[in-house]
Amino acid sequence: MTGQIYQERIFSRLNAAIFAVVVGGLVFLLIYQLLVGPLGSRPASNQFLVQLILFFLAVGINFSTLSITINSQGVLVGYGLFKRTVQWADIEKCYQDDVSAANYGGWGIRMGRVRGKWRLVYNVVGAPRVVLALKKGRFREFVFSTKNPRDVIKIINQRLSKSSL
């Protein structure tokens, strides 16, 4: 049974804006090169510019939305193609993150060491984060952003207390 308990999607305006600027700049370069002429003494080929545009467009779309799903199997968090599932049996406890995102080196998918434990982090600018302390694995904590940390923590802790009975 995979009944959905909670679902949330966080659109990151900053990620989308950064990639829109990069793609826009590359489109400008391509159009300039097509209409005016090559840029510099060793210009990039038009084909290469198109490939860069498509690459950054795909990466921008992939990393523009963080999705969180809590169901009977566990907690699934992902940026597009990059998803992480944590089974209920692997979660020891859950609490709100009090560490600055700067400790992780920014936003997106990050790894960091906090209080001696390795963390895998899926975070978004400006959103609070929840920590899942894990029983085993390379990463002893999995951290993710959510707009509703109290609700998410309550749901997870209720599920954990039911499974420990």
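FYI, it's all coordinate maths here, none of it is from the lab. The structure presented is a predicted model; accordingly, all values stated were derived computationally and were not measured. Every residue, glycine as well, gets a Cβ built from its backbone with ideal geometry; the counts of neighbours run over all protein chains shown.
Per-residue 3J(HN,Hα) values for the stretch 105-110, derived from phi via the Karplus relation 6.51 cos²θ - 1.76 cosθ + 1.60 with θ = phi - 60°, read x, x, 10, x, 9, 9 Hz in sequence order (x marks Gly and Pro).
With helices as the sole contributors, the chain gives -11500 deg cm²/dmol at 222 nm; each DSSP H run of n ≥ 4 counts as -39500 (n - 2.57), and the sum is divided by every residue. If amide hydrogens are placed 1.01 Å from N in the peptide plane, which non-local residues have theirs closer than 5 Å to the one on Asn71? Here Ile5, Leu76 satisfy the definition. 3J(HN,Hα) along the stretch 32-45, derived from phi through the Karplus expression 6.51 cos²θ - 1.76 cosθ + 1.60 where θ = phi - 60°, amounts to 4, 5, 6, 8, 9, x, x, 9, x, 7, 10, x, 5, 6 Hz, with x in place of Gly and Pro.
Report the gain in length on full extension from Val99 to Ala133: 0.36 nm times residue separation, minus Cα-Cα distance, nm rounded to one decimal. So the chain would gain 10.8 nm between Val99 and Ala133. A simple spin-label model places pseudo-atoms 7 Å from Cα toward Cβ; at Lys162 and Ile109 they are separated by 3.0 nm.
Helix 149-163 against the longest principal axis of the chain: what's the angle in degrees, Cα atoms only, rounded to the nearest 10? Value to nearest ten degrees: 50. Label-to-label distance, Gln47 versus Ala17, with points set 7 angstrom from Cα along the beta-carbon direction: 3.7 nm. Modelled label positions at Ile31 and Tyr6, each set 7 Å beyond Cα in the direction of Cβ, lie 4.4 nm from each other. Coupling constants for the stretch 55-66 follow from the phi torsions by the Karplus curve (6.51 cos²θ - 1.76 cosθ + 1.60, θ = phi - 60°), and in residue order they are 4, 5, 5, 5, 5, x, 5, 4, 9, 8, 9, 9 Hz; glycine and proline get x. Each Lys and Arg Cβ is given +1 and each Asp and Glu Cβ -1; about its Cα centre, the stretch 68-163 then shows a dipole of about 220 debye. The protection proxy used here, the mean number of other Cβ atoms lying within 10 Å of each residue, ranks peptides 137-145, 10-18 as follows, highest first: 137-145, 10-18. Assuming charge only on the beta carbon of Lys and Arg (+1) and of Asp and Glu (-1), the dipole of the chain about its Cα centre is about 580 debye to the nearest 20.
Only Cα pairs under 8 Å and at least 6 apart count here; give the relative contact order of the chain as a rounded whole percent. Reported as a whole number, the value is 20 percent.
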